[in-house]
Amino acid sequence: AQLYVVAEILLLDNGLALLHAFVFKLGCGILLAEMVLDDEKKNRSTALLQSLNMLVQTEGKERSGPEYRGLLEQHGFANVKIKLTGNLLDVIL
């Protein structure tokens, strides 16, 4: 089994379509490196500033863990796991 590592793809308009190409067509796993906001969207200042920047520049946004999980599960991904790393990017498997 193959595992692909992809960074900051879900803030793109076609990010989910690209994930589908990797996972469902190629039959592989994917590890996402994304900034994850805390559940209340109050405490992770770097992610909050990045989310504001994305909103202004591209109409994209960073999401909280439950938002990422819901988005991925809504599009057919199962067993979504999220780990806050304490670094710039967090991990979604």
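Derivation of every value follows stated rules applied to the coordinates shown; laboratory data play no part. Bear in mind the structure is a predicted one, so any value in this text is a computation, not a measurement. Glycine gets a Cβ as well: all are built from the backbone with ideal geometry, and neighbour counts include every protein chain shown.
Which net charge results for the neighbourhood of residue 34, defined as the other residues with beta-carbon distances under 9 angstrom from its beta-carbon, given Lys and Arg at +1 and Asp and Glu at -1? Net charge around residue 34: -2.
A simple count of charges around residue 93, restricted to other residues whose Cβ falls under 12 Å of its Cβ and scoring Lys, Arg +1 and Asp, Glu -1, yields +1.
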